[in-house]
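The values are calculated or read from the model by the stated rules, or taken from the named source; none is laboratory data. For clarity, every value in this text was computed on a predicted model and none was experimentally measured. Here the Cβ is made from the backbone with ideal geometry for all residues, glycine too, and neighbour counts use every protein chain on show. Calculation scope for accessible area: heavy atoms of the full protein, side chains included, ligands and nucleic acids excluded. Shrake-Rupley method; radii C 1.70, N 1.55, O 1.52, S 1.80 Å.
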Amino acid sequence: MSSAISVRHLFLLLKPALLFVLLGSLTNASAASFPDPTIPDSFSVQLKGGNTTTENLDMIKELGVKYIRHAFYWEGIEKTPGVYDFTDFDLIVKECKDRGLSIIGCIAFGNKLYPPVATDQGRDAYVNYAAALAAHYKGEPIIWEIWNEPNTRTFWSHLGTATDKSVKGNSEKFADEYVALVNAVAPAMHAADPNCTILGGSVSGVWKDSYAWSDWCFQKGILKSGIDGWSVHPYSTKNPEDYIEAYATIRGLMTKNGGPDNFPIVNTERGYPVGKAEGFAGGDPALSKEYQAWHCVRQYLMDLVCGIKLTNWYEWSGTEGFSLVQGNEKTPAYNAAKFMIDTLKGYHLDQRITLDSPRDFVLRFVNNSGGVKLVAWAAPPEGESPDKIVTHDVTIPVQVTGPLDNFQIYGDKSTVTVANGTVKLTLTGAPQYVTVSAGK
């Protein structure tokens with residue numbers, strides 16, 4: 001397929017409103033594709049434009065994650081009205097595919113060739129662009145995401161998207177404008193590729209104002225627009241374990257507004273910085289890199305507990321303190337993620353083992369060969385910083401005999417003794433692993 005195509009295609013010439021009517025029966029019939037929850041198939045990292053090098057992609061492949069999140073910048077593809085040049089992004093897609101990496105493709109942002117997407121003309125142009133993406137990359141391993149954090153002034157107003165830049169973030173007006181965009185985009189993309197997978201939302205934060213914005217979107221029918229999942233960026237919490245309540249709140253808002261209780265949710269951006277940036281967990285500054293390593297692993301595991309379809313760590317490399325690599329140096333978070341992936345590769349979550357404290361976590365993972373492994377850690381009280389974790393012992397049923405291999409967060413190995421069908425572990429905020437059965 002040519003890398004440059006014209007707008008002269010029938011579905012691109014149809015008005016978005018007409019497309020929405022014509023494709024109403026299609027909007028909930030997409031063959032949406034989300035990864036299997038087997039580790040590490042649903043683990044992703046954020047990769048920004050200048051960092052999309054073959055060297056970084058090789059390192060990401062070595063880490064073992066299966067997705068990257070990357071923006072498909074409208075202004076980088078449509079530089080002349082109605083003509084799309086995909087050349088640069090074709091190379092990114094090919095380099096990822098060659099390494100077994102799929103993509104969460106954020107359809108970003110406005111284009112100076114057109115008015116804001118909150119206007120009819122700007123919206124129509126964005127719809128044409130999104131449909132052209134779906135058509136050009138039909139069959140490629142890409143999950144599409146409509147915009148980034150449209151509930152915020154940073155990404156909806158300051159980029160010239162909204163019609164009134166004085167309106168506050170998380171406002172009903174922002175919700176109105178975004179729902180109108182999604183209602184037009186999703187049917188057009190499904191017309192271009194009936195099997196494409198589309199995410200709406202990309203909601204920044206999990207707190208009362210972002211919940212209100214999501215509630216407005218759900219009231220206005222966005223879950224029936226043709227999107228296949230709802231993406232969130234669960235900042236506003238200090239610990240991954242606090243996601244349990246956050247995701248439950250979002251699901252409650254969905255069902256309150258007539259949505260299904262199993263509508264897919266995807267975590268398309270969350271990192272834990274080592275300094276006072278958005279999402280900072282607090283605690284002893286001298287231990288901030290250790291805390292980041294804990295949270296990188298625990299976030300992915302907690303998303304599995306909560307049935308989240310994909311987890312994207314923000315970010316691979318950068319200057320904001322979230323990075324898994326800094327230059328050629330691998331951070332403790334990278335090393336913790338790497339050991340987790342290597343240890344649990346091919347395993348899927350079987351159950352959470354209940355202990356006395358709801359802030360103690362023991363997860364049982366199994367594979368198809370009969371292997372059984374446990375991952376255990378303690379979380380601080382809800383909303384508290386990681387230095388509030390109190391180290392303590394717990395007793396866990398294992399129903400096997402003999403000493404078991406016990407690995408700490410970076411792979412340091414010891415053994416634990418089985419006594420009367422149980423093992424005693426000392427829990428901290430750092431996940432540890434116990435091999436109960438190696439399988440066949």
Original post:
Anyone know which of 292, 408, 351 comes out most mobile in the 10 Å Cα GNM of the chain?
Top reply: 351
Original post:
Running Debye on the chain with equal point scatterers at the Cα sites and no solvent, what base-10 log of I(q)/I(0) appears at q = 0.07, 0.11 Å⁻¹?
Top reply: -0.35, -0.85
Original post:
Computed over the Cα atoms, what is the radius of gyration of segment 263-310 divided by 2.2 N^0.38 Å, N being its residue count?
Top reply: 1.27
**OP:** Take a quick pass over segment 57-149 and tell me how many lysine pairs come in under 30 angstrom between Cα atoms, counting only ones 8 or more apart or on separate chains.
**Re:** 14
Subject >> Under 23 Å from residue 424, Cα to Cα: lysines that are on another chain or at least 8 residues apart >> reply: 373, 388, 413
Subject >> Per-bin percent of Cα-Cα distances, segment 195-251 [10 Å] >> reply: 22, 53, 22, 2
Original post:
Taking the chain as a Gaussian network, where each spring joins two C-alpha atoms under 10 Å apart, which residue of 130, 175, 212 fluctuates the most?
Top reply: 212
Original post:
Normalised by the residues of segment 218-279, what does the relative contact order come to in percent, with Cα pairs under 8 Å and at least six apart?
Top reply: 47
**OP:** Measure nothing fancy, just the Cα-based angle from helix 208-219's long axis to the longest principal axis of the chain, in degrees from 0 to 90, nearest 10.
**Re:** 50
**OP:** For the chain, with all protein chains present and a 1.4 Å probe, just round the carbon and sulfur fraction of the accessible area to a whole percent.
**Re:** 51
Original post:
In degrees between 0 and 90, to the nearest 10, how far off the longest principal axis of the chain does helix 120-136 point, with axes built from Cα atoms?
Top reply: 60
**OP:** Would you kindly work out the equivalent ellipsoid of segment 323-383 from its C-alpha gyration tensor and give its semi-axes, the square roots of five times the eigenvalues, largest first in whole Å?
**Re:** 25, 20, 6
Subject >> Within segment 382-400: backbone nitrogen closer than 11 Å to the residue 353 label point (7 Å, Cα to C-beta) >> reply: 394-400
**OP:** Give the distance, in whole Å, between the Cα centre of segment 341-413 and the Cα centre of segment 109-168.
**Re:** 42
**OP:** Quick one: compute the contact order of segment 50-197, relative version, from alpha carbon pairs under 8 angstrom and 6+ residues apart, as a percent.
**Re:** 24
Subject >> Chain lengthening between residue 385 and residue 99 when straightened (0.36 nm per residue, less Cα-Cα) >> reply: 99.2 nm
Original post:
Label point 7 Å out from residue 414 along Cα-to-Cβ: which residues of segment 362-382 have amide N under 18 Å?
Top reply: 374-378
**OP:** Grab the DSSP H runs of the chain that are 4 residues or longer, score each as -39,500 (n - 2.57), total them, divide by all residues and round the 222 nm result to the nearest 500 deg cm²/dmol.
**Re:** -9500 deg cm²/dmol
Original post:
R0 = 45 Å: FRET efficiency of residue 245 with residue 80, Cβ-based, nearest 0.05?
Top reply: 0.40
**OP:** Return a whole-number percent for the relative contact order of segment 301-386, with Cα pairs under 8 Å and 6 or more residues apart as the contact set.
**Re:** 15
**OP:** Taking only Cα atoms and a 10 Å spring cutoff, compute GNM fluctuations for the chain and point out the largest among 403, 141, 332.
**Re:** 403
Subject >> Accessible-area value, residue 224, 1.4 Å probe, nucleic acids and ligands omitted, Å² >> reply: 130
**OP:** Please label the shape of segment 295-424 as rounded, prolate or oblate, based on the square roots a ≥ b ≥ c of the eigenvalues of the alpha-carbon gyration tensor (a/c under 1.5 means rounded; beyond that, a/b larger than b/c means prolate, else oblate).
**Re:** prolate
Original post:
Separation of segment 206-279 and segment 48-104 by C-alpha centroid, Å?
Top reply: 26
**OP:** Quick one: which residues, 5 or more positions from residue 427 or on another chain, have an amide H under 5 Å from its amide H? H modelled 1.01 Å from N in the peptide plane, none for Pro or chain starts.
**Re:** 392, 393, 394
Original post:
With a sphere of radius 11 Å drawn around the Cβ of residue 206, what net charge do the other residues whose Cβ falls strictly inside it have (Lys, Arg +1; Asp, Glu -1)?
Top reply: -1
**OP:** Compute the FRET efficiency between residue 54 and residue 87 as 1/(1 + (r/R0)^6), taking r as their Cβ-Cβ distance and R0 = 22 Å, and round to the nearest 0.05.
**Re:** 0.85
Original post:
Quick one: Karplus J couplings for segment 240-251, per residue in order, coefficients 6.51, -1.76, 1.60, θ = phi - 60°, nearest Hz, x for Gly and Pro?
Top reply: x, 5, 6, 5, 3, 5, 4, 5, 5, 5, 5, 5
Original post:
Tally Lys/Arg at +1 and Asp/Glu at -1 over every other residue whose Cβ is under 12 Å from the Cβ of residue 263; what's the total?
Top reply: +1
Original post:
Per residue, what volume in Å³ does the convex hull of the Cα atoms of segment 206-304 enclose?
Top reply: 91
Original post:
From largest to smallest, what semi-axes in whole angstrom does segment 361-420 give when each is the square root of 5 times an eigenvalue of its alpha carbon gyration tensor?
Top reply: 25, 14, 12
Original post:
Any idea what angle helix 172-192 forms with the longest principal axis of the chain, computed on alpha-carbon atoms, 0 to 90 degrees, nearest 10?
Top reply: 80
**OP:** Could I have the simple spin-label model distance between residue 173 and residue 393, label points 7 Å from Cα toward Cβ, reported in nm to one decimal?
**Re:** 6.2
Subject >> Amide proton proximity set for residue 265, modelled H, under 5 Å, gap of 5+ >> reply: 230, 309
**OP:** Starting from the Cα-Cα distance between residue 319 and residue 369, subtract it from 0.36 nm times their residue separation and give me the gain in nm to one decimal.
**Re:** 13.8 nm
